[in-house]
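Remarks on the structure that follows.
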Ligand code: ASP
């Protein structure tokens, strides 16, 4: 391969194939940098040997035969691993030509949509080669680990009945039954549970999942999960499998593995201290509670708020900084942002005049700090300060520690209120079992805890899982809390309820987003950089131009009539 040749290869006759990375015409002599995925090597073509060298342009595909020779000391290129040698070519063949490219291979300043429009060119870059191969290495390591642990790879259908994972379904019309639709599986959740009822005991799959959600840095419409399920287990056995897979992934890419076991933190603690159920623990900046301390405050907003909390940021922010932070706080649901800036002993504050000496003493941080407050209902206060904390962690460079911090969040609530309808709904999915002690959840859904757990890496949620309900009566109780009547339960989940009545073993499992693992391993800011052909935020695929409108004749066959003019829209 091009990138493998070293001084010790001098004298060997080689045949290389690859892309012309650059060509330098020195009168008679032509130098060509030939590139394949292993790297670049310099070819030297003498005029008497081959005239086609003059016709070579960037990104032509070439095949070259010749002898590896050591370069003279002054001609060595210390910047290339192959810089000690070059190949004296005596036969050069242009295998394929190339039009001038829309961008230079590896140019990092190219607009991402353009990169995706020509993804096959973008893939020739070192970055994409590295990322896609890293993806492969990690999946391999996971497969090996799962095999060693006696998991069985079972394929489950993509086209199914909706699986509630909290997103919208992508629908597939069925020509043989016009007017009816399959949903693309949001996950293999129910199938893997049915595998347990089927006695498979340890199931896994690198499963593709489809979810109709807004696309973000860590979200695509379709993505792959390490999906697993185990029978006769408790939580710790499931967490142990995931921890082993993460260690194997680090080892597969030659990095020092994080130490085991990963710490566990309860959901309640995560929300109180970090304002989120996926805290980035690479830095402190913990949220402090001021509810008690402000009960008798002269500042009415604090005194009357159900909850008052604050963070102390290690920076004396300017007015302009504070205005920006206030905007961010508002995006998270705050009405305003109260602050105390300690500018080397001098206090700047919107609220200092309302606070007592004692309150000031408690809340004011050291010189060069800013205390930021949120007051109101607990979920909003947590969300606002959690959002500010994450933002500040990034902006102040607190996350640049080089550390890789994994942890589990456990003991989630079983239900939460839907913000729009006020109806109780599941936090993870409706198949999650309550914690021992929370079985009577119908009496007080809001205080029931569940056996749901999440794995977090540097503030990214890698995945979720739970111990499941394996009892039909209990499953129906959850459906009832969610407001599903008997008839709707049968219509939507009858097949599951039947299975739970026919010898269902206790079971639990997990699903981890592979693209997220790979992106974090690669140090990439989003998963698009580790997916071969991702879609952009609008939901389009810049390469093929999909999605596209369909002719009426096609739609009619499927029993579908469009009410929008997609061509015009
Ligand atoms: N089906 C869940 C998900 O995709 C994972 C699980 O509970 O195993 O998030």
Quiz item: So which helices (runs of 4 or more DSSP H) are wholly in the stretch 243-346 and hold at least 3 residues that are exposed (fewer than 15 other Cβ atoms within 10 Å of the Cβ)?
Solution: 300-304, 319-331
Exercise. For residue 59, indicate whether it is crowded, with 16+ Cβ neighbours inside 10 Å and in a loop (DSSP other than H, G, I, E, B).
Key: yes
Quiz item: In the stretch 132-156, what residues are outside any helix (DSSP H, G or I) and more than 15 Å from the ligand (Cβ to nearest atom)?
Solution: 149, 150, 152, 153, 155
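Quick check on this structure: which one of 456, 467 is in contact (Cβ under 8 Å) with a residue 24 or more places away in the chain, away from the ligand (no atom under 11 Å from the Cβ) and part of a strand (DSSP E or B)?
Testing whether each residue is in contact (Cβ under 8 Å) with a residue 24 or more places away in the chain, away from the ligand (no atom under 11 Å from the Cβ) and part of a strand (DSSP E or B) leaves just 456.
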Quiz item: Name the pairs whose Cβ atoms lie under 6 Å apart, with the first residue in the stretch 499-515 and assigned to a strand (DSSP E or B), the second away from the ligand (no atom under 13 Å from the Cβ), and 6 or more positions between them or separate chains?
Solution: 507/231
Quiz item: Which condition number does residue 68 fail, the rest of (1) in contact with a helix residue (DSSP H, G or I) (Cβ under 8 Å, 6 or more places away or on another chain); (2) at pLDDT 95 or above; (3) closer than 30 Å to residue 524 by Cβ; (4) surrounded by 13 or more Cβ atoms within 10 Å (Cβ to Cβ) being met?
Solution: (3)
Quiz prompt | Unmet requirement for residue 382, which otherwise passes all of (1) within 16 Å of the ligand (Cβ to nearest atom); (2) outside any loop (DSSP other than H, G, I, E, B); (3) crowded, with 19+ Cβ neighbours inside 10 Å | solution = (1)
Quiz item: Is it the case that residue 234 is closer than 21 Å to residue 452 by Cβ, out of contact with any helix residue (DSSP H, G or I) (no Cβ under 6 Å at 6 or more places or on another chain) and surrounded by 17 or more Cβ atoms within 10 Å (Cβ to Cβ)?
Solution: no
Quiz prompt | So residue 496, is it in contact with a helix residue (DSSP H, G or I) (Cβ under 7 Å, 6 or more places away or on another chain) and in a helix (DSSP H, G or I) | solution = yes
Quiz item: Can you tell me which residues in the stretch 431-450 are over 23 Å from the mean Cα position of the chain (by Cα) and either within 20 Å of residue 231 (Cβ to Cβ) or within 15 Å of the ligand (Cβ to nearest atom) (or both)?
Solution: 431, 433, 434, 435, 436, 450
Quiz item: Within the stretch 347-364, which residues are without any contact (Cβ under 8 Å) to a residue 24 or more places away in the chain, in contact with a strand residue (DSSP E or B) (Cβ under 8 Å, 6 or more places away or on another chain) and outside any strand (DSSP E or B)?
Solution: 350, 352, 360
Quiz item: Any residue at all in the stretch 426-437 that is without any contact (Cβ under 8 Å) to a residue 24 or more places away in the chain, closer than 19 Å to residue 478 by Cα and surrounded by fewer than 16 Cβ atoms within 10 Å (Cβ to Cβ)?
Solution: yes
Quiz item: Is it fair to say residue 52 is in contact with a strand residue (DSSP E or B) (Cβ under 9 Å, 6 or more places away or on another chain), over 30 Å from residue 536 (Cα atoms) and modelled with pLDDT of 95 or more?
Solution: no
Exercise. State which residue is farthest from residue 139 (Cα to Cα) when the search covers only the stretch 208-234 and only residues that are away from the ligand (no atom under 14 Å from the Cβ) and assigned to a strand (DSSP E or B).
Key: 212
Quiz prompt | Scope the stretch 147-160; condition within 22 Å of residue 496 (Cβ to Cβ) and surrounded by fewer than 16 Cβ atoms within 10 Å (Cβ to Cβ); matching residues | solution = 152, 155, 157, 159
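Residue-wise test of (1) within 15 Å of the ligand (Cβ to nearest atom); (2) outside any loop (DSSP other than H, G, I, E, B); (3) more than 22 Å from residue 493 (Cβ to Cβ).
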position	(1), (2), (3)
172	no, yes, no
182	no, yes, no
192	yes, yes, no
203	yes, yes, no
206	yes, yes, yes
237	yes, yes, yes
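The values are calculated or read from the model by the stated rules, or taken from the named source; none is laboratory data. Note that this is a predicted model, so its numbers are computed, not measured. Every residue, glycine as well, gets a Cβ built from its backbone with ideal geometry; the counts of neighbours run over all protein chains shown.
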